[in-house]
Amino acid sequence: MKIGIPKETVAGETRVALIPPMVPALIKKGHAVMVEAGAGVAASFPDEEYTAAGATIIAETKALYAAAEIIFKVQPPQADKGEAELIGEGKTFIGYMAPFYNAELVKSFASRNVTAFSMEFIPRITRAQSMDTLSSMATISGYKAVIMAADHLGKIFPLLMTAAGTITPANVLILGAGVAGLQAIATAKRLGARVSAFDPRPAVREQVESLGATFVEMELPKEDVETKGGYAKQQSDLFLLKEQEAIGARLGKIDAVITTAQIFGKTAPILITREMVKKMHPGSVIIDLAAENGGNCELTEPGKTVVKENVTIIGAMNLPATIPVHASQMYSKNVLNLFTHLYQAADQSLDWEDEITKGACITRNGEIANQMVKDRLSTNGGN
């Protein structure tokens with residue numbers, strides 16, 4: 001197959017969908033790799049490295065899309081830049097799609113018989129772990145969130161005993177012990193902070209404590225907290241209130257909070273209200289990793305750093321793009337593994353009974369193939 005790697009057009013996006021070291025694996029299997037000129041530059045992968053790896057550099061964006069049979073991309077094609085229409089009739093797309101919020105993109109793909117696979121919809125099952133880009137990018141985000149917290153906090157993280165006196169370690173609270181939360185715990189511990197973590201799932205206690213953090217105990221209503229697919233479920237108002245009470249009781253002693261709670265396809269739950277922020281010491285920091293979906297803090301402004309109630313609140317957006325080398329490396333491997341899984345047959349036919357293939361596919365044969373996306377778009381048009 002002829003695989004195209006276009007340059008990302010979203011402002012601030014520095015990742016590339018395929019890095020040079022991944023190219024030989026595709027060429028070895030008989031595929032051709034074409035890369036738009038400059039596609040990897042922002043991630044520190046110049047055109048020369050792609051050429052040396054066996055890829056062909058194409059200068060014109062339209063020429064790349066016209067020649068490629070399948071497109072690997074990071075960000076969803078941008079409607080205002082005409083990117084969706086560049087993917088021609090009957091071709092294939094692999095990348096992020098955010099289909100719940102990109103109704104026009106989904107309809108455009110369906111109308112032109114584009115077979116589209118969304119990286120967000122890869123089933124969270126054991127044999128798909130090597131393709132799970134949500135986990136890969138969460139790892140990057142969890143790490144970077146701690147670095148940002150340390151940078152904005154007017155204190156240092158570790159315990160220091162000096163001639164000028166003893167400096168006590170910073171107290172860091174991680175809300176959510178998923179992939180991002182666990183990476184944040186590990187990073188904060190490496191920097192010497194005193195770390196505690198909250199998660200409504202008692203099952204993650206062992207993971208939290210294995211990283212040296214204190215698991216925050218609380219009594220919560222007995223409700224299912226996650227789907228069979230491993231995603232967090234939307235909880236009742238009573239459940240959320242109990243969470244807020246448990247978190248609020250600790251905030252007066254916390255220097256930095258990193259929030260990671262998100263619900264797939266829905267607005268993020270508010271875990272920290274304005275009144276709770278008021279309990280924090282002046283100069284404390286909140287890094288809100290759920291900002292893109294509204295935020296876990298009531299005062300979060302997505303994409304902005306603000307100071308409210310004497311607390312710095314950072315509405316973190318697209319943190320993987322701030323560490324583009326390793327973010328691109330991990331994303332590329334996820335995409336390569338998905339592609340290799342999809343096209344195992346010698347005739348390049350796909351197994352539509354396979355759980356991964358079927359689960360990740362959003363459009364196929366001129367229709368919206370994913371029932372969840374179809375229901376969502378028919379209900380509210382993707383808004």
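Tell me yes or no: at least one residue of the stretch 142-152 is free of Cβ contacts under 8 Å to residues at least 40 places away in the same chain, surrounded by fewer than 24 Cβ atoms within 10 Å (Cβ to Cβ) and over 25 Å from GLN329 (Cα atoms). Please lay out each step first, then the result.
Taking the stretch 142-152 first, the residues free of Cβ contacts under 8 Å to residues at least 40 places away in the same chain are 151.
In the following step, the residues that additionally are surrounded by fewer than 24 Cβ atoms within 10 Å (Cβ to Cβ) were identified as 151.
Applying the additional criterion that residues be over 25 Å from GLN329 (Cα atoms) yields 151.
Within the stretch 142-152, one or more residues are free of Cβ contacts under 8 Å to residues at least 40 places away in the same chain, surrounded by fewer than 24 Cβ atoms within 10 Å (Cβ to Cβ) and over 25 Å from GLN329 (Cα atoms).
Need the failing condition index for ARG15 against (1) in a loop (DSSP other than H, G, I, E, B); (2) surrounded by fewer than 18 Cβ atoms within 10 Å (Cβ to Cβ), just the number. Against the list (1) in a loop (DSSP other than H, G, I, E, B); (2) surrounded by fewer than 18 Cβ atoms within 10 Å (Cβ to Cβ), ARG15 comes up short only on (2).
Okay, residues lined up against (1) over 26 Å from ASP237 (Cβ atoms); (2) exposed (fewer than 14 other Cβ atoms within 10 Å of the Cβ); (3) touching a helix residue (DSSP H, G or I) at 6+ places or on another chain (Cβ under 8 Å):
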{"position": "VAL179", "(1), (2), (3)": "yes, no, yes"}
{"position": "THR187", "(1), (2), (3)": "yes, no, yes"}
{"position": "GLY192", "(1), (2), (3)": "yes, no, no"}
{"position": "ALA197", "(1), (2), (3)": "no, no, yes"}
{"position": "ARG205", "(1), (2), (3)": "no, no, no"}
{"position": "GLU217", "(1), (2), (3)": "no, yes, no"}
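Among all positions in the stretch 325-347, there is no residue which is under 30 Å from VAL277 (Cα atoms), surrounded by fewer than 20 Cβ atoms within 10 Å (Cβ to Cβ) and without any contact (Cβ under 8 Å) to a residue 12 or more places away in the chain.
Residue pairs whose Cβ atoms lie under 7 Å apart, sitting 6 or more positions apart in sequence or on different chains, and linking a residue in the stretch 167-189 that is charged (D, E, K, R) to a partner that is crowded, with 24+ Cβ neighbours inside 10 Å and outside any loop (DSSP other than H, G, I, E, B), are LYS189/VAL195. Against the list (1) touching a strand residue (DSSP E or B) at 6+ places or on another chain (Cβ under 7 Å); (2) farther than 25 Å from LYS266 by Cβ; (3) in the same structural domain as LYS242 (by TED's automatic domain parsing), the condition GLU309 fails is (1). The selection criterion, being of a type outside the set (Asp, Glu) and free of Cβ contacts under 8 Å to residues at least 40 places away in the same chain, does not hold for ASN365. Mind listing just one residue for me: the one in the stretch 329-364 that is of a type in the set (S, T, N, Q), more than 20 Å from the chain's Cα centre (by Cα) and at pLDDT 95 or above and, of those, nearest to PHE121 (Cα to Cα)? The qualifying residue nearest to PHE121 (Cα to Cα) is THR357.
Screening GLY294, GLY248 for residues that are surrounded by fewer than 24 Cβ atoms within 10 Å (Cβ to Cβ), farther than 21 Å from ASP132 by Cα and more than 15 Å from the chain's Cα centre (by Cα) leaves exactly one candidate, GLY248.
Would you please name the residue that is nearest to HIS326 (Cα to Cα), looking only at residues in the stretch 18-29 that are assigned to a loop (DSSP other than H, G, I, E, B) and of a type in the set (A, V, I, L, M)? I'd like the intermediate steps shown before the answer.
Start the filter on the stretch 18-29 by keeping residues that are assigned to a loop (DSSP other than H, G, I, E, B), which leaves 18-19, 29.
Narrowing further to those that are of a type in the set (A, V, I, L, M): 18-19.
Working: LEU18: 12, ILE19: 10 Å.
Going through the qualifying residues, I end up with ILE19.
Return yes when ILE87 is over 23 Å from the mean Cα position of the chain (by Cα), closer than 25 Å to HIS326 by Cβ and among the aliphatic types (A, V, I, L, M) and no when it is not. The answer is no for ILE87.
For the stretch 45-60, which residues satisfy the criterion of being surrounded by fewer than 18 Cβ atoms within 10 Å (Cβ to Cβ) and not aliphatic (A, V, I, L, M)?
PRO46, GLU48, GLU49, THR51, GLY54, THR56, GLU60
Residue by residue, here is whether (1) under 27 Å from the mean Cα position of the chain (by Cα); (2) under 18 Å from GLY95 (Cα atoms); (3) not small (Gly, Ala, Ser) holds:
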position	(1), (2), (3)
GLU13	yes, yes, yes
VAL41	yes, no, yes
GLU48	no, no, yes
THR51	no, no, yes
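The values are calculated or read from the model by the stated rules, or taken from the named source; none is laboratory data. The shown structure was predicted, so the numbers you read here are calculated from the model rather than taken from an experiment. Here Cβ is always computed from backbone atoms with ideal geometry, including for glycine, and neighbour counts include all displayed protein chains.
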